[in-house]
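Just below is one structure, and these are the notes that go with it.
The values are calculated or read from the model by the stated rules, or taken from the named source; none is laboratory data. Model, not experiment: these values are computed from the prediction. When we count neighbours, we look across all protein chains shown, and the Cβ atoms used for this are built from the backbone with ideal geometry, even at glycine.
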Amino acid sequence: MSDGPMLRIAMLGTRGVPAAYGGFETAIEEIGQRLAARGHEVTVYCRSADGSKPRHHLGMRLVHLPALRSKSLETLSHTALSAAHAVFHRRPDVSFVFNAANSPFLPLIRTRRAPVAVHVDGLEWKRGKWGTWGKRYYRLAEQLAVRWSDALISDAQGIADYYTLEFGIASELISYGTNIIREPARDKLAGLGLEAGRYHLVVARFEPENHVDVVVQGYAASHATLPLVVVGSAPYSAAYTDSIAAVAESDPRITMLGGVWDQDLLDQLYANAALYLHGHSVGGTNPSLLRAMGAGTAVAAYDVSFNREVLGEDGRFFSTVADVAERVHEVEAADEESRVLGHRLQGRAEQIYNWDVVTDGYEELARRLHRGYSTRGRRRGSRAASTWIDETAPRRENEDARS
């Protein structure tokens, strides 16, 4: 999709690229490079961290700016500087802001009448890492995103439904994509003492709503013969991380790898696992889940509407420690069936979660915004009187299992 003028497009609100942290960064890398290849001038705002400051990456122009190293202020401080830079340097034709938390800076970005769309992410106010004031801030930020953006982007139907019911505003439904791994390499597994198809895997930041504790406890309670590999860390959740580590230390079958930034190694870990256990329960379409699907791996996911939407009929689900143990036992007892399910999930990913199609959605929206399309002013950002029904709640829940 390249008909129409070439645009100056700014992408801000994340750690930037090269992608080495989360879903937003991966999305920007995949979408940004494709937009650049189609002739658009793409600028990505990046946080200066390790001292390396490349000026270009995969056709994208990079702008490196500092950020305060604080859980509550890191994102906001960097976005404030990015917004100012976008305004006072070469004005973009369209800006994409990732994360509704950054919505207080929308008026600044629009100072020179440049339209802006906000990718709202998931229901951030439900995350356990935020205290009372943090949750209130995210609730307010949602309202400001509705009031001040020219368009909202949702990556899952459940998120789109939330904004429709809460605010009476339609959003653009543009999901994430994933890469398809047909013939996975396995040369890096030996260095970790792993064999292809002979381990289970969980990859997640250690935060309560990602239920890594449930996965680890459930595995420890199982009679599994294949080891569990745990990839992830938590820069702000020491107590939660310690609780997971305590279970792992008591079970020699569990290997904690910490954060893994080698993307080739991550691909090998996803593609060669017998089962990928996905505990995320807050947010929309999760990139880790899509990555496992693109790798052709069988998946057992936490039982919430977002995960069911992505996996369809070919996923397994869990809500409790006992469920995790049961899913692990099922896979080890029927490995051929699991391989078939993984293959079908890969086909689903290839058909639905395609980065080229996702880029089409962003490009088409950018052109509409450049021509004058906007939802701004249609709603004042006030919430509906009715109470939102929390579709992210698990279908079965046993809080005692997490104690």
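Going by the conditions given, is Ile244 of a type in the set (A, V, I, L, M, F, W, C) and within 29 Å of Gln157 (Cα to Cα)? No. Inside segment 70-86, can you point out the residues that are under 14 Å from Leu108 (Cβ atoms) and surrounded by fewer than 16 Cβ atoms within 10 Å (Cβ to Cβ)? Listed by number, the list holds a single entry, Ala84. Could you please let me know if Leu192 is touching a strand residue (DSSP E or B) at 6+ places or on another chain (Cβ under 8 Å) and free of Cβ contacts under 8 Å to residues at least 24 places away in the same chain? The answer is no for Leu192.
For segment 160-180, the criterion of being of a type in the set (A, V, I, L, M, F, W, C), outside the structural domain of Leu275 (by TED's automatic domain parsing), closer than 18 Å to Asn99 by Cα and out of contact with any helix residue (DSSP H, G or I) (no Cβ under 8 Å at 6 or more places or on another chain) is met by at least one residue. Within segment 137-163, the set of residues being touching a residue at least 40 places away in the same chain (Cβ under 8 Å) and either touching a Cys at 6+ places or on another chain (Cβ under 9 Å) or of a type in the set (A, V, I, L, M) (or both) comprises Ala141, Leu144, Ala145, Val146, Ala151, Leu152, Ile153, Ala156, Ile159.
If only residues of segment 285-336 that are aromatic (Phe, Trp, Tyr) and either without any contact (Cβ under 8 Å) to a residue 40 or more places away in the chain or in contact with a strand residue (DSSP E or B) (Cβ under 7 Å, 6 or more places away or on another chain) (or both) are counted, the one that is surrounded by the fewest Cβ atoms within 10 Å (Cβ to Cβ) is Phe317. Picking from residues in segment 166-183 that are assigned to a loop (DSSP other than H, G, I, E, B) and hydroxyl-bearing (Ser, Thr, Tyr), the one that is surrounded by the most Cβ atoms within 10 Å (Cβ to Cβ) is Ser171. Selection of segment 102-160 for residues being under 17 Å from Leu12 (Cα atoms), polar (S, T, N, Q) and out of contact with any Gly (no Cβ under 6 Å at 6 or more places or on another chain) yields Ser103, Thr111, Ser149, Ser154. Those residues that are in a helix (DSSP H, G or I), under 17 Å from the mean Cα position of the chain (by Cα) and of a type in the set (S, T, N, Q), I need them from segment 123-165; list them, please. Gln157, the sole residue that qualifies. For first residues located in segment 240-258 and in a helix (DSSP H, G or I), partners that are among the polar types (S, T, N, Q) and lie 6+ apart or on another chain with Cβ distances below 9 Å form the pairs Thr241/Ser233; Ile244/Gln217; Val247/Gln217; Ala248/Thr255.
Residue-wise test of (1) assigned by TED's automatic domain parsing to the domain that holds Val97; (2) assigned to a strand (DSSP E or B); (3) among the aliphatic types (A, V, I, L, M).
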| position | (1), (2), (3) |
| --- | --- |
| Thr297 | no, no, no |
| Ala301 | no, yes, yes |
| Glu313 | no, no, no |
| His329 | no, no, no |
| Val340 | no, no, yes |
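The single condition among (1) at pLDDT 95 or above; (2) surrounded by fewer than 22 Cβ atoms within 10 Å (Cβ to Cβ); (3) not β-branched (Val, Ile, Thr) that Ala114 does not satisfy is (1). Taken together, the residues in segment 1-29 that are more than 16 Å from Asn102 (Cβ to Cβ) and either basic (Lys, Arg) or modelled with pLDDT of 95 or more (or both) amount to 5.
All conditions but one from (1) under 30 Å from Asp3 (Cα atoms); (2) touching a His at 6+ places or on another chain (Cβ under 7 Å) apply to Lys53; the one that does not is (1).
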